[in-house]
Amino acid sequence: MIQTLPYTTLLRYVYNELPASALPEIEEALQHDPELATACADLLLAQRTLNALRYEPRPAVSARILEYSRTFPASR
Amino acid sequence: MESMQLSDSALVSLYLAGQESAFALLLERHRSRTFTTILLIVRDEDVAEDLLQDAFIKAIHVLKSGRYNDEGKFGPWLCRIAHNLAIDAFRRGKRVPHLSLDGDGPLANSLAHSEEGADDALAREETHSRLRALIQELPPAQKEVLLMRHYGDLSFQEIADATGVSINTALGRMRYALINLRKKMAVNPPYYDSNLTLYDPAALRVQRIAS
């Protein structure tokens, strides 16, 4: 039986949001379909690039938050 | 450190039991994602730092008042607080979009990677600057899904619930966000990064054998 794999399913696969029971079928399709494998690889690369876009606040901000937490009970 | 392996829920329990070090670990674990989410909305480092502080203070109030009940989803819960604060601030106009794109300032410092060469670091920062700018150009609904999924750690179903749409709508918005980013990256070759070769899914109808 021939079925189609919607892009949203691939998206959920790449973001690890599919149930384990759905994975073998998708991974088998990836092994046999170069176009799907390419799409999957591109999504994974995009995901990695987006995830690498991270910033940190200045240390003083974290210090202020921790200080607030430490003094919270006393101020209430 | 052994406690670094603890789940967020375990750290929350320890914190509520009086261990401040558990909160420090939660802060360390979630500040970057939360800060990035806020920064990409308000586009101002100082405002983003204030809002990050507000988000964690709000979380402290809820936790210590015994009203916390997120079913083990501390990260997504914190992100929703931060996201709402950032959106409110943006709507009130309390932001001055002077985000540095030229590699100066604390943002550039925070992106320093000690294990790579200067050229690699420069290329990475250039890509990130361009990507950051392009994310700002996305339609609001697409940008919202992208930020919540990548930096807020929300699942597509959680995003759908938080934004009042179906999961298919959330997935569709993500799909078009990625398509738009790819197109925008391709339009400006000097900044094009081969690591962002987002696939055009328009014609994707892959046949597979069903058992």
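Each other residue within a Cβ distance under 14 Å of residue B:33 adds +1 if Lys or Arg and -1 if Asp or Glu, for a net charge of +2. Net charge of the neighbourhood of residue A:16, taken over other residues with C-beta under 15 Å away and scored Lys/Arg +1, Asp/Glu -1, is -1.
Taking other C-beta atoms within 10 angstrom as a stand-in for reagent exposure, B:124, A:48 fall in the order A:48, B:124, fewest first.
Across peptide A:36-49, the mean count of Cβ atoms from other chains lying within 10 Å of each residue's own Cβ comes to 5. For residue A:55, the amide hydrogen comes within under 5 Å of the amide hydrogens of B:36, counting only partners 5 or more places away or on other chains and with H modelled in the peptide plane.
Taking other Cβ within 10 Å of each residue's Cβ, how do B:155, B:9 sort, fewest first? The most exposed by this proxy come first: B:9, B:155. Legend: calculated FRET efficiency, residue B:28 to residue B:62, from the Cβ-Cβ distance at R0 = 22 Å, rounded to 0.05, equals 0.70.
Calculated translational diffusion coefficient of segment B:7-96 (25 °C, 0.890 mPa s; Stokes-Einstein with Kirkwood radius over alpha-carbon pairs) equals 185 µm²/s. Averaging over all projection directions, the Cα-based convex hull of chain A occupies 8.9 nm² in the image plane. Neighbours of residue B:171, meaning other residues whose beta-carbon lies under 11 angstrom from its beta-carbon, give a summed charge of +3 when Lys and Arg score +1 and Asp and Glu score -1.
Read-outs: derived from the displayed coordinates by stated rules, not from any lab. Being a predicted model, the structure only gives us computed values, none of them experimental. Methodologically, a virtual Cβ is constructed for each residue, glycine included, from the backbone with ideal geometry; neighbour enumeration extends over all protein chains shown.
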